[in-house]
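First the structure, in the form of structure tokens, and then the observations on it.
The values are calculated or read from the model by the stated rules, or taken from the named source; none is laboratory data. Every value quoted in this text rests on a predicted model; they were computed, and no experiment measured them. Cβ: placed from backbone, ideal geometry, glycine included. Neighbour counts: every protein chain shown. For accessibility, only protein heavy atoms count, side chains too; no ligands or nucleic acids. Shrake-Rupley method; radii C 1.70, N 1.55, O 1.52, S 1.80 Å.
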Amino acid sequence: MDGQENEQPNTGDADAPATARTRRATAPSRPTARRRLRRVGVALAVVAVALVGVVLGTFGGGQVETDIGPFRAELTLSPALTGGTTVDIPPLGALQLDSHNGPTHLTVGLGALDQRRTEALIDDPASISRASQSAVTDVRNGVLRLGLRATGAALLVTLVLGVLVFRDTRRAAWAGGLALVITGGSLGLAASTIRPQSIEEPRYEGLLVNAPAIVGDARRIANDYTKYAEQLQRIVGNVSQLYTTVAALPVYEPAPGTTRVLHVSDMHLNPTGWQLIRTVVEQFDIDVVIDTGDITDWGSEPEASYVASIALLKKPYVYIRGNHDSGKTAAAVAQQPNATVLNNSTTTVAGLTIAGIADPRFTPDKETSPAGSGLTQAVADQVIGAGDQLAATVRNSPQPVNIALVHDPASAGPLSGTCPLVLSGHTHARQVSKLPQAPGQPPTLLMVEGSTGGAGLRGLEGEKPTPLSMTVLYLDQNKLLQAYDDITVGGTGQSQVSLERHVVADPAAGAQAPVTPTPTR
């Protein structure tokens, strides 16, 4: 009996392994969940690395330069929420085209002319037409190269980034493959949704930012803009003529020490004018830009941001305020690092001593524009009085003044004999004349510039758009005018470009020009 009692099984010990097995059966759920979360985290990390790699690769490698006709153009691909194409066409401005869908945006920027191809245009004028016709093929080939370059850059950046982040070639390869799919899919979506007809319905940027100030028939103005679509195929050839025309000009070689001055005026808030200015500054190796006012339309504070393009010129910029410019406008110009604002004062820039005075009026409304404001006695006293003040400043200058600046040519009369050259604007019409010469006084030439901004949107109100105009002045070592180039670009909606050179036979005597009558009090 006692032996049997001692041999009874211990049920508590027998149940212990069963309990452990039960615990082990339920325990694996936690490590499995952690493994799943880890896999999800790794997958998200791969996606994030791929996206970052695509963005960085596209920004870093999504640019190519290509020839479009005689131009060197830059094609840029960038990530975007919506597709589309921006075409920068100096001097006509920027076109926004709804060309395709997808998260890729294409920018086509026409830059400087290629010297070799330009010389070929000079030798064979018919090649201008062929260059225009080949522009579409040039763009297509450039876009193909751009797509391949952007794809390769995105893949390379993603692989490098994947190796740095994961320290695992397998995961880096997954990220690279995903980047390839994202880039290829985005480009494929853009290619499959391309809309060639979008060029017929572009969105224009530039003059239309001044839409609230439009006065007149808006429908007719809009119809003028639609002419751009018909002329885009000729833009390459027409803008090229600005430079190829030089070959047919009078033989003229600027002497060493020549100072090149670009005279602009009456921009009237037209951003397309800046693109023309930048092109001329670069192509003609300009030393200083002179602006004789009316850079804005209303002189309002929001318009002040328009003058920021001055800094992009990277050349000295001398400015006087016009009757459409306010004190805030002048202050905004003065804040530009390369700008000098004159108001009955002088400055020395690029070896030239320049004097200038602001227009005494602030009359931004249309009724006081050149077409609508007559020189009443009160206005004459005001305007001529500004000329008297500047003449006194010029005479008292410790250094001889080479150029004097007034906005309204009606202010120029008192400056006769004080300096060899007076520049002005205001009338939106180019004119060269001599001021009445006082006995015993040297001659003074008055050069009135047209509107470098095509008079803004108001330039569309007439039968013919106001052309964009500017003048390149060549001054010799004695700071006397020896030649000048009148540059004219057909008004908004047109694309004709002309350049006319005038050589001054005797710089000391001044250019041959009629004597201008000056208003009297």
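Observations on the model:
- Dimensionless Rg ratio for region 296-344, taking C-alpha atoms and the 2.2 N^0.38 Å reference: 1.03
- Using θ = phi - 60° and Karplus 6.51 cos²θ - 1.76 cosθ + 1.60, couplings along region 279-293 (whole Hz; Gly, Pro as x): 4, 5, 4, 6, 6, 9, 6, 5, 8, 8, 9, 10, 10, 9, x
- Per-peptide average of other Cβ atoms within 10 Å, ordering 331-338, 446-453 highest first: 446-453, 331-338
- Accessible surface, per residue, of region 298-340 when the full set of protein chains is kept, probe 1.4 Å, Å²: 42
- Packing, taken as the mean count of other beta carbons within 10 Å per residue, orders the peptides 406-417, 305-316, 177-188 from highest to lowest as 406-417, 177-188, 305-316.
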